[in-house]
Amino acid sequence: MDDKAVKAILFDLDNTIIETSRAGRVAIQKTSELLKSTLALDDKTISSICDKFQQKLFHERFDPSAGRSIDEVRVGHWEESIQAYIQEAVGSCSTPSLAAKCYYLWKTSRLEVLSLSPEICSLLKQLRSGYKLLLLTNGEARTQREKVEAVACEEFFNAIVIGGEHAEQKPFASIFALCFNMLEVEAQDCVMVGDSLDTDIQGGFNARVRATVWISSAGGAVPDGSVKPDYTIPTVLDLPDILQKLE
């Protein structure tokens, strides 16, 4: 490859190469069924409990130095969500033990659904023959490592970087610099691919990569005031078309 060619591709994980949102919906549905079979509550209340858990998950700020594991924190999310709608234990299952059952069912179900599709596997194998590939994902270290293990994607990447294992995560330039050093490439040799404008695309912009590619399954409209990706595609499977334009 000459000096102007793309040499490396940095991929986000969730909702980029694996369908985490879909897996989450399946897991919530299974947990809803557990709640329905345990609590004498109507469907609307069960749905509200699950919605509250998902809100807590979305706004989660995990601090490993606080002395609680991520599992304990998320059991707490379920406990608080259940207690918001019931005032006392129902049946023989106390709120804390029910919260733990909900969490581990949700967690196990989500990991079971996560997978790399045959098409994604084929794409990564194809790209690996011509580029260095690195997986760069934000999130709590053990949670993200469990996903990586569940989908068995290590073989497709030259390196895997989990944001939660480092001082700063995307969109900070420092974690991108770490990736460039690991691959022995420059920022301008790299393309960043991900579904988040705030972390993946903004991060790629901050790090001055060659190009950013936004995965937007919702149609590709960039909100006003947001960073503008260089390219927008509905699925990562369309990435080869973008790479052709960059060569």
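The values are calculated or read from the model by the stated rules, or taken from the named source; none is laboratory data. Computed from a predicted structure; not experimentally measured. Glycine gets a Cβ as well: all are built from the backbone with ideal geometry, and neighbour counts include every protein chain shown. Areas reflect the complete protein model, heavy atoms only, side chains present, ligands, DNA and RNA absent. Shrake-Rupley method; radii C 1.70, N 1.55, O 1.52, S 1.80 Å.
Tell me, which residue of the range 36-77 that is over 20 Å from ALA141 (Cα atoms) and open to solvent by 80 Å² or more (accessible area, probe 1.4 Å) is farthest from the chain's Cα centre (by Cα)? Ranking the candidates gives ALA40 first.
Evaluate the following for VAL6: is it under 27 Å from SER196 (Cα atoms), over 23 Å from the mean Cα position of the chain (by Cα) and open to solvent by less than 50 Å² (accessible area, probe 1.4 Å)? Yes. Which residue pairs have Cβ atoms under 6 Å apart, sit 6 or more places apart or on different chains, and have a first residue in the range 153-170 that is under 20 Å from GLY130 (Cβ atoms) and a second that is open to solvent by less than 20 Å² (accessible area, probe 1.4 Å) and assigned to a helix (DSSP H, G or I)? If the second residue must be open to solvent by less than 20 Å² (accessible area, probe 1.4 Å) and assigned to a helix (DSSP H, G or I), the pairs left are PHE156/LEU124.
Taken over the range 16-25, the criterion of being open to solvent by 20 Å² or more (accessible area, probe 1.4 Å) and within 10 Å of LEU114 (Cβ to Cβ) is satisfied by GLU19, ARG22. Among the residues of the range 145-166, the ones that are more than 15 Å from the chain's Cα centre (by Cα) and open to solvent by less than 50 Å² (accessible area, probe 1.4 Å) come to 3 in all.
What do you reckon, is GLN169 modelled with pLDDT of 95 or more, open to solvent by less than 70 Å² (accessible area, probe 1.4 Å) and either outside the structural domain of ASP241 (by the TED database) or closer than 12 Å to LEU13 by Cα (or both)? No.
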